[in-house]
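Read-outs: derived from the displayed coordinates by stated rules, not from any lab. Please read these numbers as outputs of a predicted model, since none were measured by experiment. Here the Cβ positions follow ideal geometry from the backbone for every residue, glycine too, while neighbour counts run over all protein chains shown.
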Amino acid sequence: MFALADCNNFYASCERVFRPDLNGKPIVVLSNNDGCVIARSNEAKAVGIPMGAPAFKFEKIFDKFKVNVFSANFALYGDISHRVMDILSSYSPEIEIYSIDECFIKLNGFQNFDLVNYANEMKSKVMKWTGIPISIGISPTKALSKVANRIAKKFPEKTNGVYIIDNDEKRIKALKWLKIEDVWGVGRQYSKQLSAIGVKTAFDFVQLNDQFVKRKMSIVGLRLKHDLQGIPTLDFEDIQPKQNIAVTRSFEKNYTEFEQLKERISTFAVSCSEKLRKQNSCCNALMVFIQANPFRKDLPQYGRSIFVKLPFPTNSGIEMSKFATQALKQIFKNGFAYKRAGVIIQNFTPANNSQQNLFENSDKRHAPLMQAVDKLNAVFGQQKIRLASQDTKRVWKMRQEKLSPCYTTKLKDIITVKV
DNA sequence: TCTGGGGTCCTAGGACCC
DNA sequence: TCTGGGGTCCTAGGACCC
């Protein structure tokens, strides 16, 4: 059996942990730059705030319903996530952390356990130790435990946040209840195509012919179908080193000058290099993109990306910044207001075993230098040591007007309790 | 005025190899 | 009239996830 544990309204719940006064009140969490809504408490959902709502369009609604608005505080969410996962991993030797707020727990060899009881134990311990409410779905396959989890979330009174699908009767009932667009692995496009041919529920979907599903949705769709039929098809994924690393941002203001973009791109490349060194890889290619604001129909539109093959594998921030800046030069055009940009690195090889170039190679002195930079930054704070091409005057900032304290990761933000 | 950021996998088609 | 068979690698595009 698989259990899927998923935190309820995770980011909103994190904000509540240290603000019990907000229990029962509507909360939303905004994306970077306070752009759009990326998490909502149940109360915020109830007043009709949709996922992805642009904050500026919903200010009146926020005021009207006294919604508590937060800027995203990923340091806080990441730390709480670790704590939750730590607790859950004590319940089985095999867990797969699927995202920041959910994990699959394999329950092999638990035949003699009352699994619903067991899940309830997990749930209360996570609540007691972290303050985060979770829901748990249990079933013989991953896809069905997603379904069970949804039921647990949707009917908290009936299920107490734990639901098990352990026979065909329950499975069929659940599939008939689940709308096709809510099935894990069926997104916007597929649900449009499927409902056009009369497939409205997960149950309709599993009635389709295998060949048809494979033709329409590739092998991925077929696996999903089997999993929903109760035939275990999806298993844990091995933890692989990343194949892509991206650092991309929208800007608070539009940028028109090359120099401004150059600073951003250099900083993004340096961040990429830090992440790359963490997984002990070098990259062999890099992509840079810049884009005007696509929502501003009144402004001239331009967006381009460029893919560069590097002459040698590297994870030096100095070199990556240099290559990224050169790439930017090739795509930058004057006369546009740029709103987004990013650096994406690819084609990784292990850092300790990379193919050298006969004529040109990464500067050998960079490796110890980067090591020293990483160490200093680890002690004194992110990006304390930078390249001169980066924002040395700390001009650049993100809009984060409603940022909560980093209660669990910054000493100065630790709460004071008056007894 | 203001609309996020980070990933994955699969397929088809083209270029190339012997 | 008829023009092989078996591969790999790369890229672009399309779908999906949180």
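Farthest towards the positive end of the charge dipole of segment A:41-109, among the residues A:Ser92, A:Asn108, A:Ala44, is the Cα of A:Ala44, using unit charges on the Cβ of Lys, Arg, Asp and Glu. Loop-located trypsin sites (Lys or Arg not before Pro) in segment A:155-221 (DSSP state other than H, G, I, E, B) with a sparse environment of at most 12 neighbouring Cβ atoms within 10 Å are absent. In this Cβ point-charge picture (+1 for Lys and Arg, -1 for Asp and Glu), segment A:197-344 has a dipole of about 460 debye about its Cα centre. If you plug the beta carbon distance of A:Ile219 and A:Lys309 into 1/(1 + (r/R0)^6) with R0 = 30 Å, you get a FRET efficiency near 0.50.
Full extension of the chain between A:Cys406 and A:Asp374 yields a length gain of 9.3 nm, computed as 0.36 nm times the residue separation minus the alpha carbon distance.
Taking 0.36 nm per residue of sequence separation and subtracting the Cα-Cα distance, how much length would be gained by fully extending the chain between A:Glu259 and A:Ala46, in nm to one decimal?
72.1 nm
Report the trypsin sites (Lys or Arg not before Pro) located in segment A:1-107 that are in a DSSP loop and have at most 13 other Cβ atoms inside 10 Å of their Cβ, or state none.
Here the trypsin sites (Lys or Arg not before Pro) that fit, given the DSSP loop and packing criteria, are A:Lys66.
Checking every one of the chymotrypsin sites (Phe, Trp or Tyr not before Pro) in segment A:321-419 against DSSP loop status and a limit of 13 other Cβ atoms within 10 Å picks out A:Phe359. Adding -39500 (n - 2.57) for every DSSP H run of four residues or longer, then dividing by how many residues chain A holds, sets the calculated 222 nm ellipticity at -12000 deg cm²/dmol.
Once each of the GluC sites (Glu not before Pro) sitting in a DSSP loop with at most 15 other beta-carbon atoms within 10 Å is removed, chain A keeps A:95-236 as its longest stretch.
Shape call for chain A from the C-alpha gyration tensor, a ≥ b ≥ c root eigenvalues: rounded (a/c under 1.5), prolate (a/b greater than b/c) or oblate? Prolate is the answer for chain A, as a/c is 1.5 or above and a/b outweighs b/c.
If you take the beta carbon distance between A:Leu299 and A:Lys57 as r and set R0 to 22 Å, what does 1/(1 + (r/R0)^6) give as a FRET efficiency, to the nearest 0.05?
Computed FRET efficiency for A:Leu299 and A:Lys57 comes out at 0.70.
Quick one: if the Förster radius is 35 Å, what FRET efficiency do A:Met127 and A:Asn209 give, using the C-beta to C-beta distance and rounding to 0.05? Plugging the Cβ-Cβ distance into 1/(1 + (r/R0)^6) gives 0.20. Within the shell of other residues whose beta carbon sits under 14 angstrom from the beta carbon of A:Ile136, the net charge comes to +2, with Lys and Arg scored +1 and Asp and Glu -1. For chain A, the relative contact order is 15 percent, taking Cα pairs closer than 8 Å that sit 6 or more residues apart in sequence and dividing their mean separation by the residue count. Positive end of the dipole of chain A (Cβ unit charges, origin at the Cα centre): among A:Asn347, A:Gln207, A:Gln193, the Cα lying farthest that way belongs to A:Gln193. Taking label points 7 Å from Cα along the Cα-to-Cβ direction, A:Phe155 and A:Lys278 give a separation of 4.1 nm. Annotation: the antiparallel percentage among DSSP beta bridges lying fully within chain A is about 85. The label point for A:Asn112 and the one for A:Lys192, both projected 7 Å from the Cα toward the Cβ, are 5.5 nm apart.
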